[in-house]
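Some notes on the structure that comes next.
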Amino acid sequence: MAFWTAVNRRRAWMLDAIRSRLWPVPAMAVVLAIAAGLLLPELDGALDGALPAEVSRWIFGGGPAAAREVLAAIAASVMTVTSLTFSLTLVTLQLASGQFSPRLLRTFAQDKFVQRTLGLFVATFAYTLTVLRTVRDSDNGGTVFVPQISVTVGYLLAVISVLALVLFLAHLVRQIRVETLLGSVLGEALRNAETSLEQMDESAQVESAPSPPAGAHPVGAPSTGFLTGINQQPLVEAASRAGAVVALNRKPGDWLVAGTPVAMLWAGTGGGLDDDAIDDLRGCVAKVIHIGDERTPVQDIGYAVRQLTDVVVKALSPGINDPTTAVHGIGHLSALLCRLADRRLGHAVHRDDDGVARVVVQGPELADLLDEAVTQPRHYGVEDAAVLAALTRLLRDLAWCAGSVHEQAVTSQLARMRRTVAGQDFDPAERESLEQLALSVEDALARRWRSPEVL
């Protein structure tokens, strides 16, 4: 089971690396187009003169000069459209970065429709150029050859490209809407939570993590960057062979500096570890942790919270001043946190085949995610009663979904929210409405639901 978990995790990393870049799909499309441009003329040559009249009248029937003109026109026009499409995509990325958050660029880059549209355009260009070289006439005494089927396919690709351009423009307009962006981030986060986090079992006791003793050996980070993922299974096997325990004290999403401790290791039986075992374990830690230039959502559940929070904070900035978008973003944060409330968060203890704890992996607690989702929006939206009301509704929804398991995290944020409201010069009606919302949070913790409020 652990083996297949590790395989699925590595597969998820590879797929995320491919999906989050614009070039893989267009590059594969070019390769396939060149292959088709080489093979289809061979089919034309094999079927030359053997096609029934009913079929021949539906395919290209011009001579070499006409075939060259058609293919050249398609190649030139598609290349122009491709340049336009790339320009529009880059402008959209720039607008999304400035208007919402630079951490949303991954959402655009992994858009399958954009990737496939670009792939179609560059494939059409590569295909027509490849077929163009096979057209021959009798100017130099050679045999006239017009790949009728191949030219017809090029014509069809050009028509499909025109339709794709229209659909691409419509798709682009939809994608730059903040509601679409927020929904995309939320959807991806929920899918990752389903695959990487176990369902919370309230009847099961939370397993305590072994603490490093005084003589534990630190393990430095091999390089600088974000910790994007951990493949703990090889580390469990290495620690079991050495009779050691390894505690990773950094979680996915943390920024690492080369040489600073990322883990602690010690002998599991209370004895000591020889230098060779320590070196082997340090090398294994360096191999199983993945460090990158940017955070990725595969194992880093907090990344989606950071993305949504950035949109909220950006909307509350003086240059944007869009509290409605902030309220919408807080609503998506509420939906994400409520779904995470029934998932097993925090540290995870991994055991070997004998049931001995070998590896401890840190993870975010719901209290940490809640603090990241609420603190900055509360700070930057302190003067807007609607924003504070949305944050209080988030606490109410989370209190209802999380129950008593995370009561302390909710009550702590509620107390901070009340202090924030008390320090503002709100209208008495707004103050009363915010207090009623705060009371509804307490009721939700007690499994009672209040009627909807005004704000």
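If a residue must be part of a helix (DSSP H, G or I) and either of a type in the set (Lys, Arg) or touching a Gly at 6+ places or on another chain (Cβ under 7 Å) (or both), how many such residues does segment 167-198 contain?
Within segment 167-198, the subset part of a helix (DSSP H, G or I) is 167-175, 178-196.
So of that shortlist, the ones also either of a type in the set (Lys, Arg) or touching a Gly at 6+ places or on another chain (Cβ under 7 Å) (or both) come out as 174, 182, 191.
Count: 3.
Among the candidates Val55, Val70, which residue alone is part of a helix (DSSP H, G or I), more than 30 Å from Leu104 (Cα to Cα), modelled with pLDDT of 85 or more and open to solvent by 40 Å² or more (accessible area, probe 1.4 Å)?
Val70
Please work out which one of (1) open to solvent by 30 Å² or more (accessible area, probe 1.4 Å); (2) modelled with pLDDT of 90 or more is the condition Ala75 fails and give its number.
(1)
Of the numbered conditions (1) over 24 Å from the mean Cα position of the chain (by Cα); (2) more than 15 Å from Cys284 (Cβ to Cβ); (3) open to solvent by less than 20 Å² (accessible area, probe 1.4 Å), Val236 satisfies every one except a single condition; which is it?
(2)
Run down Thr128, Thr152 and say which single residue is part of a helix (DSSP H, G or I), open to solvent by less than 10 Å² (accessible area, probe 1.4 Å) and over 30 Å from Asn321 (Cβ atoms). Break it down into steps so the answer makes sense when it comes.
Details: Thr152 fails: open to solvent by less than 10 Å² (accessible area, probe 1.4 Å).
The match here is Thr128.
All but one of (1) among the β-branched types (Val, Ile, Thr); (2) modelled with pLDDT of 95 or more; (3) touching a strand residue (DSSP E or B) at 6+ places or on another chain (Cβ under 6 Å) hold for Ile230; state the number of the condition that does not hold.
Just one mismatch for Ile230, condition (2).
Can you say whether Arg358 is buried (at least 16 other Cβ atoms within 10 Å of the Cβ), touching a Ser or Thr at 6+ places or on another chain (Cβ under 9 Å) and over 21 Å from Asp310 (Cα atoms), as far as the supplied structure shows? Even if it seems obvious, please write down each step before you answer.
On the way: buried (at least 16 other Cβ atoms within 10 Å of the Cβ): yes; touching a Ser or Thr at 6+ places or on another chain (Cβ under 9 Å): yes; over 21 Å from Asp310 (Cα atoms): yes.
Criteria met by Arg358.
Report, ordered by the first and then the second residue, all pairs with beta carbons closer than 7 Å, sequence separation of six or more or different chains, a first member in segment 288-301 that is farther than 21 Å from Ser184 by Cβ, and a second member that is at pLDDT below 85 and open to solvent by 30 Å² or more (accessible area, probe 1.4 Å).
From residues that are farther than 21 Å from Ser184 by Cβ, the pairs are His290/Trp13.
Among the residues of segment 219-233, write down those that are outside any helix (DSSP H, G or I) and either open to solvent by less than 60 Å² (accessible area, probe 1.4 Å) or of a type in the set (Phe, Trp, Tyr) (or both).
At the first step, the residues of segment 219-233 found to be outside any helix (DSSP H, G or I) are 219-231.
Selection gives Val219, Gly220, Ala221, Ser223, Gly225, Phe226, Leu227, Thr228, Gly229, Ile230, Asn231.
Has segment 193-210 got at least one residue that is over 30 Å from Lys314 (Cβ atoms) and open to solvent by less than 40 Å² (accessible area, probe 1.4 Å)? First the steps, then the outcome.
Within segment 193-210, the first condition is being over 30 Å from Lys314 (Cβ atoms), and the residues that meet it are 198-210.
Filter again for open to solvent by less than 40 Å² (accessible area, probe 1.4 Å), leaving 209.
Looking through segment 193-210, at least one residue is over 30 Å from Lys314 (Cβ atoms) and open to solvent by less than 40 Å² (accessible area, probe 1.4 Å).
Taking Gln299, is it open to solvent by 30 Å² or more (accessible area, probe 1.4 Å) and either in contact with a His (Cβ under 7 Å, 6 or more places away or on another chain) or not basic (Lys, Arg) (or both)? Spell out how you get there, then give the answer.
Working: open to solvent by 30 Å² or more (accessible area, probe 1.4 Å): yes; either in contact with a His (Cβ under 7 Å, 6 or more places away or on another chain) or not basic (Lys, Arg) (or both): yes.
Yes: the conditions hold for Gln299.
Give the residues of segment 163-175 that are touching a residue at least 60 places away in the same chain (Cβ under 8 Å) and open to solvent by 70 Å² or more (accessible area, probe 1.4 Å), sorted by residue number.
If the condition is that a residue be touching a residue at least 60 places away in the same chain (Cβ under 8 Å) and open to solvent by 70 Å² or more (accessible area, probe 1.4 Å), then Leu169 is the only one that fits.
Failed condition for Leu105, given (1) open to solvent by 20 Å² or more (accessible area, probe 1.4 Å); (2) under 30 Å from Arg295 (Cβ atoms); (3) touching a residue at least 60 places away in the same chain (Cβ under 8 Å), with all others met?
In the conditions (1) open to solvent by 20 Å² or more (accessible area, probe 1.4 Å); (2) under 30 Å from Arg295 (Cβ atoms); (3) touching a residue at least 60 places away in the same chain (Cβ under 8 Å), Leu105 misses (3) alone.
So that you can scan it fast, the table gives a plain yes or no per residue for (1) open to solvent by 40 Å² or more (accessible area, probe 1.4 Å); (2) more than 30 Å from Ala386 (Cβ to Cβ); (3) charged (D, E, K, R); (4) not in a helix (DSSP H, G or I):
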site: Thr269; (1), (2), (3), (4): yes, yes, no, yes
site: Ala277; (1), (2), (3), (4): no, yes, no, no
site: Tyr303; (1), (2), (3), (4): no, no, no, no
site: Ala326; (1), (2), (3), (4): no, no, no, no
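The values are calculated or read from the model by the stated rules, or taken from the named source; none is laboratory data. The model shown is predicted, which means the values in this text are computed figures rather than measured ones. Here the Cβ is made from the backbone with ideal geometry for all residues, glycine too, and neighbour counts use every protein chain on show. Accessible surface areas use protein heavy atoms only, side chains included; no ligands, DNA or RNA. Shrake-Rupley method; radii C 1.70, N 1.55, O 1.52, S 1.80 Å.
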